[in-house]
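Structure, as structure tokens:
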Amino acid sequence: MSDPNCIFCKIVAGQIPSRKVYEDDDILAFHDINPAAPVHFLIVPKLHLVNLYDADMKHQALLGKMLGMVGQLAREQGLNDGFRVVVNNGRVGRQEVYHLHVHVMGGPEPVSSGSRSG
Ligand code: 5GP
Ligand code: ZN
């Protein structure tokens, strides 16, 4: 089930190109087009779920796979010294693309978590 107006459904369908990190029958991982860290990729379910409000225990295996793959994919992308995982949900969660996605961010530089000086 896909949403014809959804940009990540179009990426899943190959209608919009992306730099692929990993793909199987259930999930796709690809590099973020506007990275917030030296390595920044997204993991999405192929199924169009809007966000975590749209997921429930029916999706336990799918959600488990998304997180279960993170460590392996992070290592494959060179993130051997830690990384951040973020899932933005809804307006207050500052979600911009309304197809569930897990951000994985890291890299050789310290990953900023807000404004910091010195
Ligand atoms: P959100 O704020 O919804 O959690 O983040 C959406 C993310 O998707 C942003 O980091 C944005 O850069 C990324 N993004 C939006 N459109 C595209 C696209 O067409 N291709 C890729 N690779 N990333 C995208
Ligand atoms: Zn979608």
message: Suppose each label sits 7 Å from its Cα in the direction of the beta carbon; what would the residue 19-residue 34 distance come out to in nanometres?
response: 1.7
task: Rounded to the nearest 500, what is the 222 nm mean residue ellipticity of the chain from helices alone, with -39500 (n - 2.57) per DSSP H run of 4+ residues and division by all residues?
output: -5000 deg cm²/dmol
statement: Charge tally for neighbours of residue 25 with beta carbon under 11 Å away, counting Lys, Arg as +1 and Asp, Glu as -1, is -1
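Quote the FRET efficiency, to the nearest 0.05, computed for residue 7 versus residue 75 with a Förster distance R0 of 35 Å and r equal to the Cβ-Cβ distance.
E(calc), rounded to 0.05, equals 0.80.
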statement: Relative contact order of the chain (C-alpha contacts under 8 Å, at least 6 apart) in percent is 29
- line: For the pair residue 85 and residue 62, the simple spin-label estimate (label points 7 Å beyond Cα toward Cβ) gives in nm 1.8
query: Looking at the chain from every direction and averaging, what is the projected area of its Cα convex hull in nm²?
result: 8.0
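None of the figures in this text is laboratory data; all of them are computed from the coordinates on show. Note that this is a predicted model, so its numbers are computed, not measured. Quick reminder, even Gly has a Cβ in these numbers, built from the backbone with ideal geometry, and neighbours come from all protein chains shown.
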